[in-house]
1. Given the criteria over 20 Å from the mean Cα position of the chain (by Cα), small (Gly, Ala, Ser) and assigned to a helix (DSSP H, G or I), does Ala223 qualify?
2. Look through the range 87-115, keep the residues that are out of contact with any helix residue (DSSP H, G or I) (no Cβ under 9 Å at 6 or more places or on another chain) and surrounded by fewer than 21 Cβ atoms within 10 Å (Cβ to Cβ), and return whichever of them is farthest from Glu77 (Cα to Cα).
3. Closer than 25 Å to Thr261 by Cα, more than 10 Å from the chain's Cα centre (by Cα) and free of Cβ contacts under 8 Å to residues at least 40 places away in the same chain: does that describe Asn135?
4. What do you reckon, is Ala173 assigned to a helix (DSSP H, G or I), closer than 21 Å to Pro246 by Cα and not charged (D, E, K, R)?
5. Check off (1) of a type in the set (S, T, N, Q); (2) on the phi > 0 side of the Ramachandran plot; (3) surrounded by 16 or more Cβ atoms within 10 Å (Cβ to Cβ) for Ser22 and give me the number that stays unchecked.
6. Hey, any hits in the range 58-72 for a residue that's modelled with pLDDT of 85 or more, hydroxyl-bearing (Ser, Thr, Tyr), within 30 Å of Ile36 (Cα to Cα) and touching a strand residue (DSSP E or B) at 6+ places or on another chain (Cβ under 8 Å)?
7. Within the range 263-276, can one find any residue that is over 23 Å from Glu147 (Cα atoms) and either assigned to a loop (DSSP other than H, G, I, E, B) or of a type in the set (S, T, N, Q) (or both)?
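The values are calculated or read from the model by the stated rules, or taken from the named source; none is laboratory data. All of these numbers come straight from a predicted model, not from anything done at the bench. Because the Cβ atoms are built from the backbone with ideal geometry, glycine has one as well, and the counts that use them run over all protein chains shown.
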Amino acid sequence: MLHSQLRSFHAVATEGGFTAASKAINVGQPTISTQIKALEDMYEVTLFHRRGHKVQLSDCGQALFRVSQRILKLEEEARDLLNNYGGILTGNLKVGAVGPYHANEMLARFNAYHPGIKLSVSLGNSVEMVDSLLNYSVDVAVLAHTEENPALYTRSFSRHPVVVFVNLSHPFAGQTSIRLEELQGQRFIQREIGSTTRLAFEEALKQSGITVDTVMEIGSREAVWLAVEKGIGIGVVSEIEFNPHPNLKTLEISNAEIYTTAHVTCLDDRKESKIIKIFFEIAETLKQNHMR
């Protein structure tokens, strides 16, 4: 009985309401309401604060939701293990990535070897992707930045230099490289806080005692490119993420080694999951072509 109650609770928490939960798991709304009330009455707790047709998790509900995420994910892994034991791999793998550039090769190779597994990909910066791992929204993530966290299992995959890029009308456009000190006081378009490229670039500036004028902060690399193309300022990007553009030019930073490193990451307690383990194995076979 507890399992069905938890399943109903998890659906309501995920969907944000009883009606949506009923549709999501194909269980009648009165049954879901009864199961949630039974849980609350049995343990004398409040799991949801009702707000009209919407619900909000209580503190107890938030804690239980973290547990139900793990339980249902383990149930999914058990089902996949039984389905795949000795046979063709099937199932789902949710991949998070800081950008398609880092993950595309791994995804293509994985799909070629295991077409029976459905892949879904979500994009965000490294901070957002770590949060997605911790709340079980993604199974594995390709990150450009990691921090020591005992809950995570991480393996490096590739390393890429950070480059500056300018509009062709900019005075620097006649150069092929640039020294950090030339950037003193220059107008810059920066990615949002949490961007690994921004972190690496700002750390190099700090170590060299150089300050730039950040005139705009934008939450996507595409928007940064557009702003630089308009001549608003200078941008920085990991070399692998730069798409050639007729109005933009990249410049190597000649007197500083600034890199971003891609990492493949999952929750430590999920690294033995068969599908996740295969993803890591594929990344490892591709690694030698990317580390430099």
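1. Values: over 20 Å from the mean Cα position of the chain (by Cα): no; small (Gly, Ala, Ser): yes; assigned to a helix (DSSP H, G or I): yes.
No: the conditions fail for Ala223.
2. Initial filter on the range 87-115 (out of contact with any helix residue (DSSP H, G or I) (no Cβ under 9 Å at 6 or more places or on another chain)): 87-88, 103-104, 108, 111-112, 115.
Remaining after also requiring surrounded by fewer than 21 Cβ atoms within 10 Å (Cβ to Cβ): 87-88, 104, 108, 111-112, 115.
On the way: Gly87: 15, Ile88: 15, Asn104: 24, Ala108: 23, Asn111: 19, Ala112: 22, Pro115: 18 Å.
Per the criteria, the residue is Asn104.
3. Values: closer than 25 Å to Thr261 by Cα: yes; more than 10 Å from the chain's Cα centre (by Cα): yes; free of Cβ contacts under 8 Å to residues at least 40 places away in the same chain: no.
For Asn135, the condition - closer than 25 Å to Thr261 by Cα, more than 10 Å from the chain's Cα centre (by Cα) and free of Cβ contacts under 8 Å to residues at least 40 places away in the same chain - is not met.
4. Details: assigned to a helix (DSSP H, G or I): yes; closer than 21 Å to Pro246 by Cα: yes; not charged (D, E, K, R): yes.
So Ala173 fits the description; yes.
5. (2)
6. The answer is yes; a qualifying residue exists.
7. So the first thing to find is which residues in the range 263-276 are over 23 Å from Glu147 (Cα atoms), and the list is 274-275.
In the following step, the residues that additionally are either assigned to a loop (DSSP other than H, G, I, E, B) or of a type in the set (S, T, N, Q) (or both) were identified as none.
No, that holds for no residue.
Listed here are the residues, each with its yes/no results for (1) over 28 Å from the mean Cα position of the chain (by Cα); (2) in a helix (DSSP H, G or I).
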{"site": "His10", "(1), (2)": "no, yes"}
{"site": "Ala21", "(1), (2)": "no, yes"}
{"site": "Lys37", "(1), (2)": "yes, yes"}
{"site": "Arg50", "(1), (2)": "yes, no"}
{"site": "Val55", "(1), (2)": "no, no"}
{"site": "Gln62", "(1), (2)": "no, yes"}
